[in-house]
1. Working only within the stretch 63-76, note down all residues that are under 16 Å from F29 (Cβ atoms) and either modelled with pLDDT under 85 or in contact with a helix residue (DSSP H, G or I) (Cβ under 9 Å, 6 or more places away or on another chain) (or both).
2. Taking the options M37, M25, name whichever one is among the hydrophobic types (A, V, I, L, M, F, W, C) and under 10 Å from the mean Cα position of the chain (by Cα).
Amino acid sequence: MYVSTGRDLGAQVMPPRSVFVNFPMGNPFGRPHDVTMQRRILMDALEHVARANTPGALVDLPYAWGERIQTIMELKSGWSAKPPDPLTGKQPT
């Protein structure tokens with residue numbers, strides 16, 4: 001069972017059973033100390049294990065983080081990436 005915050009990665013790797021939660025990376029079960037949300041996600045994931053009939057089945061869980069998730073380009077930290085080249089989409093070196 002794989003609880004993913006990266007749907008594209010889960011779809012490529014195709015573990016036997018996986019669920020996707022649209023939360024920031026590193027937070028597949030929700031916010032710290034939110035035991036109620038964490039338990040709901042765990043129970044949904046275990047239910048998927050019990051019911052899935054197709055290997056590689058990926059289910060999107062309906063939970064919301066509650067606020068817009070910023071990308072690394074938007075975060076105000078000590079380090080920031082340069083914008084990608086508009087023609088190639090590659091990071092400048």
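1. Taking the stretch 63-76 and keeping what is under 16 Å from F29 (Cβ atoms), we get 63-66, 69.
Listed by number, the residues that qualify are Y63, I69.
2. Numbers: M37 fails: under 10 Å from the mean Cα position of the chain (by Cα).
After ruling out the rest, the residue left standing is M25.
The values are calculated or read from the model by the stated rules, or taken from the named source; none is laboratory data. Predicted model only: the values in this text are computed from it and were never measured. Note: ideal-geometry Cβ built from the backbone for every residue, glycine included; neighbour counts use all protein chains shown.
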